[in-house]
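Below: the structure, in structure tokens.
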Amino acid sequence: MRPTRIAFAIVTALIVFLAGGSPEAQQATKVPRVGFLNPVDRSAPHFEAFRQGLADLGYVEGHNIAIEPRFAEGQYERFPDLLAELVRLNLDIIAVTGAVTARAAKKAVKNIPIVFAVVVDPVADNVVANLERPGGNLTGTTSFDPQQAKKQLELLKEAIPGFKRVALLGDQGVSEALIKASEAEAQAMGLQTLRLRVAAPNPDLEGAFAVFRQEHADALLILEEPVVGVHAKRIAELAARDRLPTIFAPSRVGAGGLLAYGTSQVESIRRMAVYVDKVLKGANPGELPVERVTPYELIVNLNTARDIGITMPPEVLKRADRVIQ
């Protein structure tokens, strides 16, 4: 073979190698594309938890994974359009948070795997048929603990002298599973209950707090549900104005409530990233059991305690994972 032909063959082989070689090799280097749909806004910790979960598994955005995030900002009616937009992007998988989001995705997306997190009861919420074998194209994680409400109420009893009546604030757009569980626990502890569920996208929070004042609520338990999550800061402000002690879920600690306690949504979403990884590597989502994630967090806000005239017992402070002051 002439030297010029040899040189040409070497250059050609080098170009093919750098370009990825065969079609099979090019396919092997394809960057997976992941959609992320959240019912609230980007300021919530969910998306960053998801990104961190993927980073912990070695995924680097722009290098070996692409993420397409979308946020409904508490407006559930946007789900069909947002999901249609994600489907058009030819994604490999879609990650969603919340039961309402998961149900919308289940209805709209048939040929793309879906992984969910922050669903109270995936079976009762009609997201999957079975926790052990979800079936279809969905699986995920849940951070629901049936004992969470009891522990939250016990904390309120420790922190508030003469605590007798608790208001429960939830979201009309989700199932009653969580508010019923909280109500039952309160009544079992001998507490009087006042339940109120508000509607997206513009809940009547002033009206809700007027009811709390009229009914002389001693404390407010804010459920870990979408619309009250979106408006958590405003809820905390109204509660502080009325000197009403509050307990939120840990994901809403930044709202400024008195206490935050419960299973960690952040950890549940980080675990959702593990399921995304498994599906991207070939696992069938319908055969992956739904995982229950239950690490607890207790956060005490001493700034809010001072503002509303509460002296936090030392025993509660000792158990806190974090104290804001």
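Values quoted throughout were computed directly from the atomic coordinates according to the rules given, and no laboratory measurement underlies them. All of these numbers come straight from a predicted model, not from anything done at the bench. Because the Cβ atoms are built from the backbone with ideal geometry, glycine has one as well, and the counts that use them run over all protein chains shown.
Considering amide H positions built from the backbone, and no H for Pro or chain starts, which residues 5 or more places from residue 128, or on another chain, come under 5 Å of its amide H?
Result for residue 128 returns 123.
Dipole magnitude of the chain about its Cα centre, charges +1 at Lys/Arg Cβ and -1 at Asp/Glu Cβ only, in debye to the nearest 20?
Roughly 620 debye, rounded to the nearest 20.
Stick to Cα atoms and the Kirkwood definition of Rh, then tell me Rg/Rh for the chain.
1.12
Along the charge dipole of the chain, which of 222, 109, 235 sits closest to the positive end, that is, farthest toward it, with unit charges on the beta carbon of Lys, Arg, Asp and Glu (+1, +1, -1, -1)?
109
How high is the relative contact order of the chain, in percent, with contacts defined as C-alpha pairs under 8 Å that are six or more residues apart?
Value for the chain: 19 percent.
Under a 5 Å amide H to amide H cut-off, with H placed in plane at 1.01 Å, what residues pair with residue 171 once short-range neighbours are removed?
For residue 171, whose amide H was placed from the backbone, the distant partners under 5 Å are 198.
Based on Cβ point charges of +1 for Lys and Arg and -1 for Asp and Glu, what charge dipole magnitude is obtained for segment 186-323 about its Cα centre, in debye rounded to the nearest 20?
220
Please give the net charge around residue 112, taking every other residue with its beta carbon less than 15 angstrom from that of residue 112, where Lys and Arg add +1 and Asp and Glu add -1. Write out the running numbers ahead of the final one.
Working: positive: 33, 70, 88, 106, 107, 110; negative: 68, 85, 92.
With Lys, Arg at +1 and Asp, Glu at -1, the net is +3.
Would you kindly work out the equivalent ellipsoid of segment 123-221 from its C-alpha gyration tensor and give its semi-axes, the square roots of five times the eigenvalues, largest first in whole Å? Can you show the working numbers first?
On the way: eigenvalues 174, 67, 17 Å².
Computed over segment 123-221, the values are 29, 18, 9 Å.
Take 179, 114 and order them by how many other Cβ atoms sit within 10 Å, fewest up front.
Placing the least packed residue first, the sequence is 179, 114.
Which whole-angstrom value gives the distance between the alpha carbon centres of segment 144-203 and segment 221-273?
Distance between centres, Cα-based: 13 Å.
Would you mind putting 271-278, 65-72, 198-205 in packing order, based on average other-beta-carbon counts within 10 Å, highest first? Write down the numbers at each step before the final one.
Values: 271-278: 22.2, 65-72: 18.6, 198-205: 16.4.
Averaged packing, sorted descending, gives the order 271-278, 65-72, 198-205.
If every alpha-carbon in segment 203-294 counts as one equal scatterer, what log10 I(q)/I(0) does Debye give at q = 0.15, 0.18, 0.22 1/Å?
-0.65, -0.79, -1.02
What order do you get for 309-315, 171-177, 118-124 when each peptide is scored by the mean count of other beta carbon atoms within 10 Å, highest first?
Averaged packing, sorted descending, gives the order 118-124, 171-177, 309-315.
Using Cα centres only, tell me the gap between segment 287-325 and segment 80-109 in whole Å.
Here the answer is 33 Å between Cα centres.
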